[in-house]
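Enquirer: One structure follows; several queries about it will come next.
The values are calculated or read from the model by the stated rules, or taken from the named source; none is laboratory data. No experiment lies behind these values; they were computed from the predicted model shown. We place every Cβ from the backbone using ideal geometry, glycine too, and count neighbours over all the protein chains shown.
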Amino acid sequence: MQDDRYALLSPFLTEARRRRFEEVLAHRTHWVTVVTEDLYDPHNISAVLRSCDCFGIQSAHIIEENNPYRTSPGVSKGAWKWLDLHRHTDTTHALRKLKEKGYAICCTTPHADDTTLEELALDQPVALVFGSEGPGISDAAKAEADCFVRIPMYGFTESFNISVAAALTLQTVTSRVRTMDALDWRISETERLRLLGDWAERTVKDSSGLLDRLRSGTEPPSAPAPLGIEET
């Protein structure tokens, strides 16, 4: 059954919001996904999610073996509501599920057999794993890794902050993906309809109740004025 949410809710969105949805979708991708492992600082996880949205990455996986997922609204700027967030409680299980979906697991850490962001193979979807503040990625993550990637550093400091490392990594990797014509990195039509429906539901006030009324015929199919939340 085709997803009808966007068709029903679009009359209740402003024209500017509808245009913005299309502009963002044109650059959205599942080819790259992000995995955070046990981050404890809500500012860091919020900054990573914000970078995912800004660089057009649609899905993020949050592993919470020891530290629960918390965000800082002032840092995330609502980025989470535009993303597909998947939460996990076990690193091994999470990474193996991503492998089953065709992702190569790439851990971001200095390693004897690591590669650079410019050399990272992108001929298959890639899951970029960022470890916890301090200890970095776990042994369980390392055991599942298909490759390791590093960001060159030339100072005295041992490492970048996790949110900075994620932003640098995503900027380089997503830029490379978008220049590779052979890659089918764009969102599929089925995913496009789902995301438009998701985003419309998260934008229009009382969307669940409104959809029920529209489907039952008790609500007019259009409104005299858009009922959307404040444009962001």
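Enquirer: Kindly establish whether Leu183 is assigned to a loop (DSSP other than H, G, I, E, B) and surrounded by 15 or more Cβ atoms within 10 Å (Cβ to Cβ).
Expert: Numbers: assigned to a loop (DSSP other than H, G, I, E, B): yes; surrounded by 15 or more Cβ atoms within 10 Å (Cβ to Cβ): yes.
So Leu183 passes the test.
Enquirer: Is segment 172-186 home to any residue that is assigned by TED's automatic domain parsing to the domain that holds Arg50 and in contact with a Gly (Cβ under 7 Å, 6 or more places away or on another chain)?
Expert: Yes: one or more hits.
Enquirer: Only one residue in Arg17, Arg50 is basic (Lys, Arg), crowded, with 17+ Cβ neighbours inside 10 Å, part of a helix (DSSP H, G or I) and not assigned by TED's automatic domain parsing to the domain that holds Ser138. Which one?
Expert: On the way: Arg50 fails: not assigned by TED's automatic domain parsing to the domain that holds Ser138.
Exactly one of Arg17, Arg50 is basic (Lys, Arg), crowded, with 17+ Cβ neighbours inside 10 Å, part of a helix (DSSP H, G or I) and not assigned by TED's automatic domain parsing to the domain that holds Ser138, namely Arg17.
Enquirer: Can you confirm whether Thr115 is among the hydroxyl-bearing types (Ser, Thr, Tyr), modelled with pLDDT under 95 and loosely packed, with under 14 Cβ neighbours inside 10 Å? Full working, then the answer.
Expert: Working: among the hydroxyl-bearing types (Ser, Thr, Tyr): yes; modelled with pLDDT under 95: yes; loosely packed, with under 14 Cβ neighbours inside 10 Å: no.
No.
Enquirer: Can you go through Leu8, Leu39 and tell me which one is in contact (Cβ under 8 Å) with a residue 40 or more places away in the chain, assigned by TED's automatic domain parsing to the domain that holds Trp199, crowded, with 17+ Cβ neighbours inside 10 Å and aliphatic (A, V, I, L, M)?
Expert: From the options Leu8, Leu39, the qualifying one is Leu8.
Enquirer: Additional query: Taking Trp80 and the conditions (1) modelled with pLDDT under 95; (2) part of a helix (DSSP H, G or I); (3) over 22 Å from Ser208 (Cβ atoms), which numbered condition does it fall short on, given that it satisfies the others?
Expert: (3)
Enquirer: Next question. Would you confirm whether any residue within segment 67-82 is in the same structural domain as Gly134 (by TED's automatic domain parsing), within 22 Å of Ser188 (Cβ to Cβ) and surrounded by 18 or more Cβ atoms within 10 Å (Cβ to Cβ)?
Expert: Kept after step one, since they are in the same structural domain as Gly134 (by TED's automatic domain parsing), are these residues of segment 67-82: 67-82.
With the extra rule that they be within 22 Å of Ser188 (Cβ to Cβ), the set shrinks to 81-82.
Restricting the remaining residues to those that are surrounded by 18 or more Cβ atoms within 10 Å (Cβ to Cβ) gives 82.
Within segment 67-82, one or more residues are in the same structural domain as Gly134 (by TED's automatic domain parsing), within 22 Å of Ser188 (Cβ to Cβ) and surrounded by 18 or more Cβ atoms within 10 Å (Cβ to Cβ).
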